[in-house]
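Some notes on the structure that comes next.
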Amino acid sequence: MIKNICCIGAGYVGGPTMAVIAQKNPDINVTVVDLNEQRIAAWNNTDLSKLPIYEPGLDNVILEARGRNLFFSTQVDEAIDKADMIFISVNTPTKTYGIGKDMAADLKYIELCARQIARVSTSDKIVVEKSTLPVKTAEAIHDILYQTCSGVNFQILSNPEFLAEGTAMEDLNNPDRVLIGGNIDTDEGKQAVQELVNIYAGWVPKEKILTTNLWSSELSKLTANAFLAQRLSSINAMSELCESSGADVDEVAKAIGMDTRIGPKFLKASVGFGGSCFQKDILNLVYISKSYGLTEVADYWEQVIILNDHQKRRFSTKIVKTLYNTVSGKKIAFLGWAFKKDTNDTRESAAIYVAHDLLTEQACIAVYDPKVIEERIYTDIRSLHYASEKNNTEGVFVFHDAYDCCKDAHAIAVLTEWDEFKEYDWQNIYNEMQKPAFVFDGRNLLDQKELERIGFIYKRIG
Ligand code: UDX
Ligand code: ADP
């Protein structure tokens, strides 16, 4: 029986997942640890609007479980040693150096965790991989644990997270499936899998809990994300064809989505997908395929990324072309910076790439996002390399009010599909803009007829 859980990494995955596990299992103590003191302090903040991540419904779960059986701490060693089960939820970004640069996952944080677990453990542990990882990472974790720690038994499980940001609480409460991979050829492995099944069985119907071998579980996670991203690149490719041919991509999506073999979800054409998973996981898949010598397989999946990059660039090019081939000195108002609505996460957000292109064209970018803090936006811009570090953020202005952001703008670009954008007083916005007033709707969110009636020149995707 598991009594104490430790989760290493208090991010977008570790935080919400552990909050729900603690909420549903009041008899288990769950401690989420992180090296980042600021992040832990934010998780412990009594003002729930100051939690480090924005996720609808998360605050209520934190309110219920925190201090009862859910704890956030920077005491990593202590929490590891006390735990029977340890989740690894640290970040696994794409490598930015050396072999596999821009493709392979950087496993240094995972390795550091494994070494730390080996160093401080004095009792048997079940170690669960939660972060998305390349296939066979469990083997590396296994080697490190067994070769650097003696006398303690470890079982390694893979339990990939399928929650999407913005709907994390619903996805965790009511998952399509829970996947648990383990060493099911041995009794100890089977038992470890069963311990984790028991934790989820508190609220997830048994038939939705799948158990597999480790490698199938690891590869299923990459495959799920690759298939989802592939749908997006497919519909985005069609959006360009629609723009050339006069078809309407939303109509096409509806028509094909009603075919039950295709289904209606994940067919919304946009300025390009973002988020921490899709690009990283596909690059991972490409890298693994290449390392097995499977060139055609690698090229097949890489095309999903190439198309996505094209979609983002196409959007910024359209803005420049439509504004009479120059945006130099013009104010372009960005509505939205997050990679999707209902999150404050900006990783790989299309907005960052579109901003980069327009800044290269010497535009002034005004940004408003309801949940992304100013410092995050400047950090994202600083990470771009179009200019020297020093003047990177020149030309970027962050606003706390959407109307101020749009005032005197030559054009508005909708980068995130926040619901509130639909409710704005668009007549008022129009009155305060430069004329002709353009709207580039990267999410096909706004009411085209109404905007055109007001006088906007409205351009959408597909
Ligand atoms: C994704 C997977 O959905 C999730 O299962 C996995 O665990 C992590 O990666 P996430 O990145 O949080 O989740 O969000 P998701 O809803 O998948 O959206 C990813 C990107 O695709 C966003 O930029 C979103 O705006 C875009 N998208 C999604 C579209 O452009 N159109 C759609 O129809 C759906
Ligand atoms: P994800 O979206 O996968 O949850 P995040 O970047 O939001 O990714 O969260 C990962 C967290 O893991 C970060 O807060 C980071 O500080 C933390 N982390 C990374 N390495 C370690 C480590 N060795 N020990 C504790 N925390 C770590």
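The values are calculated or read from the model by the stated rules, or taken from the named source; none is laboratory data. It should be emphasised that the depicted structure is a prediction, and the values quoted were computed from it without experimental measurement. Neighbour counts run over all protein chains shown; Cβ positions are idealised from the backbone, glycine included. These area figures cover heavy atoms from the full protein model, side chains too; ligands, DNA and RNA do not enter into them. Shrake-Rupley method; radii C 1.70, N 1.55, O 1.52, S 1.80 Å.
Restricting to region 209-230, name every residue that is closer than 17 Å to LEU157 by Cβ, open to solvent by 20 Å² or more (accessible area, probe 1.4 Å) and within 16 Å of ligand 1 (Cβ to nearest atom).
LEU210, LEU219, SER220, listed by residue number.
Only helices (runs of 4 or more DSSP H) wholly contained in region 377-462 count here; list those with 2 or more residues that are within 17 Å of GLY336 (Cα to Cα).
Those helices (runs of 4 or more DSSP H) span 402-406, 426-431.
Looking at LEU323, LEU307, LEU358, LEU283 in this structure, which one is within 16 Å of ligand 2 (Cβ to nearest atom) and among the aliphatic types (A, V, I, L, M)?
Exactly one residue qualifies, and that residue is LEU283.
The conditions are (1) at pLDDT 95 or above; (2) more than 16 Å from ligand 2 (Cβ to nearest atom), and SER388 fails exactly one of them. Which is it?
(1)
Which residues, counting only those in region 212-248, are farther than 21 Å from GLN303 by Cβ and of a type in the set (Val, Ile, Thr)? Don't jump to the end; show me each part of the working.
Quick first cut of region 212-248, residues farther than 21 Å from GLN303 by Cβ only: 212-218, 220, 245-248.
If the condition is that a residue be farther than 21 Å from GLN303 by Cβ and of a type in the set (Val, Ile, Thr), then THR212 is the only one that fits.
Would you pick out the residues in region 279-330 that are in contact with a strand residue (DSSP E or B) (Cβ under 9 Å, 6 or more places away or on another chain) and in a loop (DSSP other than H, G, I, E, B)? Break it down into steps so the answer makes sense when it comes.
Step one: list which residues in region 279-330 are in contact with a strand residue (DSSP E or B) (Cβ under 9 Å, 6 or more places away or on another chain), which gives 279-281, 283-284, 287, 315-316, 318-319, 322-323, 327, 329-330.
Scanning region 279-330 gives LEU323, VAL327, GLY329, LYS330.
Among the residues of region 186-207, is there at least one that is more than 15 Å from ligand 1 (Cβ to nearest atom), in contact (Cβ under 8 Å) with a residue 60 or more places away in the chain and open to solvent by 50 Å² or more (accessible area, probe 1.4 Å)?
yes
Which condition from (1) outside any loop (DSSP other than H, G, I, E, B); (2) open to solvent by less than 10 Å² (accessible area, probe 1.4 Å) is the one that ALA338 breaks?
Every condition holds for ALA338 apart from (1).
Return the residue satisfying two criteria in turn: it lies in region 143-174 and is among the β-branched types (Val, Ile, Thr) and out of contact with any strand residue (DSSP E or B) (no Cβ under 8 Å at 6 or more places or on another chain), and of such residues it is surrounded by the fewest Cβ atoms within 10 Å (Cβ to Cβ). It would help to see each step written out before you state the result.
The first filter runs over region 143-174 and keeps only residues among the β-branched types (Val, Ile, Thr), leaving 144, 148, 152, 156, 167.
Adding the requirement that they be out of contact with any strand residue (DSSP E or B) (no Cβ under 8 Å at 6 or more places or on another chain) leaves 144, 148, 167.
Numbers: ILE144: 19, THR148: 12, THR167: 16.
Ranking the candidates gives THR148 first.
So in region 365-375, with the set limited to residues that are crowded, with 20+ Cβ neighbours inside 10 Å and not hydroxyl-bearing (Ser, Thr, Tyr), which one is nearest to ligand 2 (Cβ to nearest atom)? Spell out the reasoning first.
The initial filter retains those residues of region 365-375 that are crowded, with 20+ Cβ neighbours inside 10 Å, namely 365-369, 372.
In the following step, the residues that additionally are not hydroxyl-bearing (Ser, Thr, Tyr) were identified as 365-367, 369, 372.
On the way: ILE365: 25, ALA366: 27, VAL367: 22, ASP369: 18, VAL372: 14 Å.
Looking at the filtered set, the residue picked out is VAL372.
Which one is farthest from the chain's Cα centre (by Cα) among residues in region 38-89 that are under 20 Å from ASN25 (Cβ atoms) and among the hydroxyl-bearing types (Ser, Thr, Tyr)?
If we take residues in region 38-89 being under 20 Å from ASN25 (Cβ atoms) and among the hydroxyl-bearing types (Ser, Thr, Tyr), then SER73 is farthest from the chain's Cα centre (by Cα).
For region 4-37, name all the residues that are more than 24 Å from the chain's Cα centre (by Cα) and not β-branched (Val, Ile, Thr).
Across region 4-37, the qualifying residues are ASN4, LYS24, ASN25, PRO26, ASP27, ASN29.
Determine which member of the set ILE332, ILE319 is away from ligand 1 (no atom under 16 Å from the Cβ), in contact with an Asp or Glu (Cβ under 9 Å, 6 or more places away or on another chain) and open to solvent by less than 50 Å² (accessible area, probe 1.4 Å).
Testing whether each residue is away from ligand 1 (no atom under 16 Å from the Cβ), in contact with an Asp or Glu (Cβ under 9 Å, 6 or more places away or on another chain) and open to solvent by less than 50 Å² (accessible area, probe 1.4 Å) leaves just ILE319.
Is it fair to say GLY395 is at pLDDT 95 or above, more than 25 Å from the chain's Cα centre (by Cα), surrounded by fewer than 21 Cβ atoms within 10 Å (Cβ to Cβ) and closer than 21 Å to VAL327 by Cβ?
Taking the combined requirement at face value, the residue does not satisfy it.
Taking the stated definitions as given, is LYS95 in contact with a strand residue (DSSP E or B) (Cβ under 8 Å, 6 or more places away or on another chain) and without any contact (Cβ under 8 Å) to a residue 12 or more places away in the chain? If you could, list the steps in order and put the result at the bottom.
Numbers: in contact with a strand residue (DSSP E or B) (Cβ under 8 Å, 6 or more places away or on another chain): yes; without any contact (Cβ under 8 Å) to a residue 12 or more places away in the chain: yes.
When the stated conditions are applied, LYS95 passes them.
When residues of region 73-106 are filtered for being farther than 24 Å from ASP124 by Cα and of a type in the set (A, V, I, L, M), how many remain?
Of all residues in region 73-106, those farther than 24 Å from ASP124 by Cα come to 91-106.
Cutting the leftovers down to of a type in the set (A, V, I, L, M) gives us 99, 103-105.
Result for region 73-106: 4.
Give me the pairs: first residue in region 266-288 and more than 7 Å from ligand 1 (Cβ to nearest atom), second residue acidic (Asp, Glu) and not in a helix (DSSP H, G or I), beta-carbon distance under 7 Å, and six or more apart or on different chains, which are they?
GLN279/GLU348
Go through region 119-134 and give me each residue that's of a type outside the set (S, T, N, Q), buried (at least 21 other Cβ atoms within 10 Å of the Cβ) and more than 16 Å from ligand 1 (Cβ to nearest atom).
Within region 119-134, LYS125, ILE126, VAL127 meet the criteria.
Return only the number of the condition from (1) more than 17 Å from ILE88 (Cα to Cα); (2) touching a residue at least 40 places away in the same chain (Cβ under 8 Å); (3) more than 16 Å from ligand 2 (Cβ to nearest atom); (4) not aliphatic (A, V, I, L, M) that PRO175 does not satisfy.
Of everything listed in (1) more than 17 Å from ILE88 (Cα to Cα); (2) touching a residue at least 40 places away in the same chain (Cβ under 8 Å); (3) more than 16 Å from ligand 2 (Cβ to nearest atom); (4) not aliphatic (A, V, I, L, M), PRO175 misses just condition (2).
What do you reckon, is GLY11 in a loop (DSSP other than H, G, I, E, B) and within 16 Å of ligand 1 (Cβ to nearest atom)? Give the derivation first.
Working: in a loop (DSSP other than H, G, I, E, B): yes; within 16 Å of ligand 1 (Cβ to nearest atom): yes.
Yes: the conditions hold for GLY11.
Taking region 73-85 only, how many residues are away from ligand 2 (no atom under 11 Å from the Cβ) and in contact with a strand residue (DSSP E or B) (Cβ under 6 Å, 6 or more places away or on another chain)?
The number of residues fulfilling the criteria is 4.
Of all residues in region 231-252, which are of a type in the set (Gly, Ala, Ser), in a helix (DSSP H, G or I) and surrounded by fewer than 21 Cβ atoms within 10 Å (Cβ to Cβ)? Write out each step before concluding.
As a first pass, look at region 231-252 and keep what is of a type in the set (Gly, Ala, Ser): 233-234, 237, 239, 244-247.
This time we only want the ones that are in a helix (DSSP H, G or I), so: 233-234, 237, 239, 244-245.
Selection gives SER234, ALA237, SER244, SER245.
In region 1-37, how many are acidic (Asp, Glu) and more than 7 Å from ligand 2 (Cβ to nearest atom)? Don't jump to the end; show me each part of the working.
From region 1-37, those acidic (Asp, Glu) are 27, 34, 37; that's our starting set.
If we keep only those that are more than 7 Å from ligand 2 (Cβ to nearest atom) too, we end up with 27, 37.
Here the count works out to 2.
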